[in-house]
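Please read the structure below before turning to the comments.
The values are calculated or read from the model by the stated rules, or taken from the named source; none is laboratory data. In this text the structure is predicted, and so the values were computed from the model without any measurement. Reconstructed Cβ throughout: ideal geometry from the backbone, glycine too, with neighbour counts over all protein chains shown. Only protein heavy atoms, including side chains, enter the accessible area calculation; ligands, DNA and RNA are left aside. Shrake-Rupley method; radii C 1.70, N 1.55, O 1.52, S 1.80 Å.
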Amino acid sequence: MSYRIGFGIDFHQLADARELWIGGVKLPHHKGAVGHSDADVLLHAICDALLGAACLGDIGVHFPNTSKEFENIDSKILLKRTFDLVKTRYKIINIDSTICLEEPKVRPHIAEMQKVISNVIDISVNDISIKATTTEKMGFIGRGEGLAAYATVLLAKI
Ligand SMILES: [Zn+2]
């Protein structure tokens, strides 16, 4: 069987008067992520990892942040569309990911994120690893100015 690995990374600023969507779940927090879409850092990193594994460019190529169509869009739709691009040729074996965020605590929401993502891309929650870390108060993430996510996926050619 032929396997393909993919890597994705994404960053967003945090600001007042925005909602905080991570992994398709809305987290209660006084700040939210800034972006053209709903700014879901984890779903964007997973999209990029899927596109990378299939050598299909990146999220900006498929869903430009200059397009009205994607303004405030639910990133689950972007993930679904990305999945539709790769699923004709590849099966997703597993995803591993890490969210970097000072606060709020992400861990209590991980099971729900796994469930949401599993529903969109049709793989088991056991094949969707989501981890969380802070940067120990260092840098822009440590100061609560932004957040980041990293994702790796493995695809198998159908
Ligand atoms: Zn993003």
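What to note about this one:
- Each residue in the stretch 93-102 was checked for being hydrophobic (A, V, I, L, M, F, W, C) and either open to solvent by less than 10 Å² (accessible area, probe 1.4 Å) or assigned to a loop (DSSP other than H, G, I, E, B) (or both), and 3 pass.
- Considering the stretch 1-11, the residues that are of a type outside the set (S, T, Y) and in contact with a Lys or Arg (Cβ under 9 Å, 6 or more places away or on another chain) include one that is least open to solvent (accessible area, probe 1.4 Å), namely R4.
- Test: residue in the stretch 32-44 that is surrounded by fewer than 20 Cβ atoms within 10 Å (Cβ to Cβ) and of a type outside the set (F, W, Y): yes
- Checking N65 against (1) out of contact with any Gly (no Cβ under 8 Å at 6 or more places or on another chain); (2) loosely packed, with under 15 Cβ neighbours inside 10 Å, the condition it does not meet: (1)
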